[in-house]
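Trainee: First the structure, then my questions, so here it is.
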Amino acid sequence: SMGKTFVRRVLSGVHGTPKQVIVLSRDEAKQHEMRMDYLHKRVATDEVIYRNFNNVLAFRIGDVRSYSDVCAAVKDVDIVINAAALKQVPTCEYFPHQAILTNCMGAANIVRAIEENGYPVETVVGISTDKACKPINVMGMTKSVQERIFTAANISIPKTRFICVRYGNVLASRGSVIPLFISQVNNGGPVTVTVPDMTRFLISLDEAVDTVMAAIKDADPGDTFIPVAPSATVINIAKALIGDRDIDIQITGIRPGEKMHEVLISEEEAHHCSRKGNYYAIRSMLPELTNGKGFDHDLLKGEYSSGDDVLSLDETVELLKRHHLTVEDARLSATGELLR
């Protein structure tokens, strides 16, 4: 989801026109779907995006787990965005070895490819998650290790800047709660809520891309960028989508490895954190990367949690409307009447 939004943003030319954008993934069906999406919507799509789609975008079938595939993809590039991940918490709990191969070894392959071959990559951005902070599940543990793999790479490959971004639940991303709730509402319910008081940070896909762009622009080597984001309870998200419909809410209980509240910055990390615009920057703990730079010690008194400042039901409704994520918006989008 983030990858598709990122590619569209880059193809728009708002950050300049790249010579080439390479998409590496092992899913040929999603690559074909993405290609057809641009072709079939070219009349309604910005002309600049469509022109850049034809001239700039390149698809490669390969796997981040494969060292040779990674080498072939990154050898001539300036910026690498690593969005490859196994991200479903229960799946990673049942198949932890698979999570390690993608989330950890994939990152290690990127570092190894650049170091062993001397590729002149300027910046590598690792896409991380709130679950990497104080991890209690396999998905978070592997993402936390990915962050450390990239941070440490700044020492062994000083000519390349390795940075990360970390954010919480992305509104309407593939596999997230909002598409599930909308589907359940459209089917007449019930809407299944794990725990009513569970909270989640909420950012849009565009805001996730904004975070990546901000990190590319302003992050120092080893930094992890965190967006300042609103949060809501899961029950209010469900109620906001149900509206005045006569649909039941069913409480199912917490799933294996889930947290009640998302934490984007731990209490320990708050001590080496700075503010950069609309973002927090967690500085590396490695002394070689701090270069004597000071931290904003009064910035955070403790951890940055989704349970700290929660939107009301009315505010949650307004947030979903603002991002066109209501049930009505989903129906319009399905009929092609709502242009994203």
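Trainee: Quick one: which residues, 5+ away or cross-chain, put their amide H under 5 Å from the amide H of Phe59? H built at 1.01 Å from N.
Mentor: Close amide H contacts, sequence-distant or interchain: Val23.
Trainee: Take Arg26 and Leu180, extend 7 Å from each Cα along the Cα→Cβ direction, and tell me the distance between the two endpoints in nm.
Mentor: 2.4
Trainee: Still on this model: Contour minus end-to-end for Asn117 and Met285, with contour as 0.36 nm per residue of separation and end-to-end as the Cα-Cα distance?
Mentor: Details: separation 168, 0.36 × 168 = 60.48 nm, distance 2.76 nm.
Gain on stretching Asn117 to Met285: 57.7 nm.
Trainee: What does the accessible area of Lys159 come to, in Å² to the nearest 10, when a probe of 1.4 Å is used?
Mentor: Near enough 120 Å² of accessible area.
Trainee: Just to check I understand the Karplus step: with θ = phi - 60° and J = 6.51 cos²θ - 1.76 cosθ + 1.60, what whole-Hz values come out for the range 89-98, glycine and proline as x?
Mentor: With coefficients 6.51, -1.76 and 1.60, one gets 4, x, 4, 5, 5, 7, 10, x, 4, 5 Hz.
Trainee: Would you mind calculating the relative contact order of the chain from Cα pairs under 8 angstrom and at least 6 residues apart, reporting the percent as a whole number?
Mentor: Relative contact order, the chain: 15 percent.
Trainee: Throw me the Rg/Rh for the range 49-170, computed over C-alpha atoms with Kirkwood Rh, two decimals.
Mentor: Across the range 49-170, the Cα-based Rg/Rh ratio is 0.99.
Trainee: Ok, one more. If R0 is 56 Å, what FRET efficiency do you get for Asp197 and Asp78 from their C-beta distance, rounded to 0.05?
Mentor: 0.80
Trainee: Also, quick follow-up: Net charge around Glu268, counting only other residues with Cβ within less than 11 Å of its Cβ (Lys, Arg = +1; Asp, Glu = -1)?
Mentor: -2
Trainee: Taking amide H positions as placed in the peptide plane 1.01 Å from N, state which residues far from Ser204 in sequence (5 or more) or on other chains have amide H under 5 Å from it.
Mentor: Leu171
Trainee: Step through the residues of the range 115-121 one at a time and calculate ³J(HN,Hα) from phi using the Karplus curve (6.51 cos²θ - 1.76 cosθ + 1.60, θ = phi - 60°), rounding each to whole Hz and writing x for Gly and Pro.
Mentor: 6, 6, 9, x, 5, x, 6
Trainee: Still on this structure: Keeping all protein chains in position, work out how much accessible area Leu286 exposes to a 1.4 Å probe, and write it in Å² to the nearest 10.
Mentor: 60
Trainee: R0 = 30 Å: FRET efficiency of Phe59 with Ile136, Cβ-based, nearest 0.05?
Mentor: Once rounded, the FRET efficiency stands at 0.25.
Trainee: Please list, in chain and number order, the residues 5+ apart from Ala84 or on another chain whose amide H is under 5 Å from its amide H, with Hs placed from the backbone.
Mentor: Here nothing satisfies the definition.
Trainee: Counting only other residues whose beta carbon sits under 10 Å from that of Lys321, what net charge do I get with K and R as +1, D and E as -1?
Mentor: Summing Lys/Arg as +1 and Asp/Glu as -1 gives -2.
Trainee: According to the square roots a ≥ b ≥ c of the eigenvalues of the Cα gyration tensor, what is the shape class of the range 9-76, taking rounded for a/c under 1.5, prolate for a/b larger than b/c otherwise, and oblate for the remainder?
Mentor: oblate
Trainee: Among Lys301, Lys131, Lys4, what's the order by accessible area (1.4 angstrom probe), most exposed first?
Mentor: Descending order: Lys301, Lys4, Lys131.
Trainee: Shifting gears a bit: List, in order, the whole-Hz ³J(HN,Hα) value for each residue of the range 53-59 obtained from phi through the Karplus relation with A = 6.51, B = -1.76, C = 1.60 and θ = phi - 60°; use x for Gly and Pro.
Mentor: Values per residue, Gly and Pro as x: 4, 6, 9, 10, 7, 10, 9 Hz.
Trainee: Each label point is 7 Å from the Cα along the Cα-to-Cβ direction; what then is the distance between the points at Asp46 and Leu299, in nm?
Mentor: According to this spin-label approximation, the distance is 3.0 nm.
Trainee: If you count only protein heavy atoms and use a 1.4 Å probe, how large is the accessible surface of His97, to the nearest 10 Å²?
Mentor: 120
Trainee: Around Met105, with a cut-off of 10 angstrom between Cβ atoms, what is the net charge of the other residues, counting Lys and Arg +1 and Asp and Glu -1?
Mentor: Around Met105, the charge tally is +2.
Trainee: At 1.4 Å probe size, put Tyr279, Tyr167 in order of accessible surface, largest to smallest.
Mentor: Details: Tyr279 40, Tyr167 15 Å².
The most accessible residue leads, giving Tyr279, Tyr167.
The values are calculated or read from the model by the stated rules, or taken from the named source; none is laboratory data. Please read these numbers as outputs of a predicted model, since none were measured by experiment. Every residue, glycine among them, receives a Cβ derived from its backbone with ideal geometry; neighbour counts consider all protein chains shown. The area values use the complete protein model at the heavy-atom level, side chains included, leaving out ligands, DNA and RNA. Shrake-Rupley method; radii C 1.70, N 1.55, O 1.52, S 1.80 Å.
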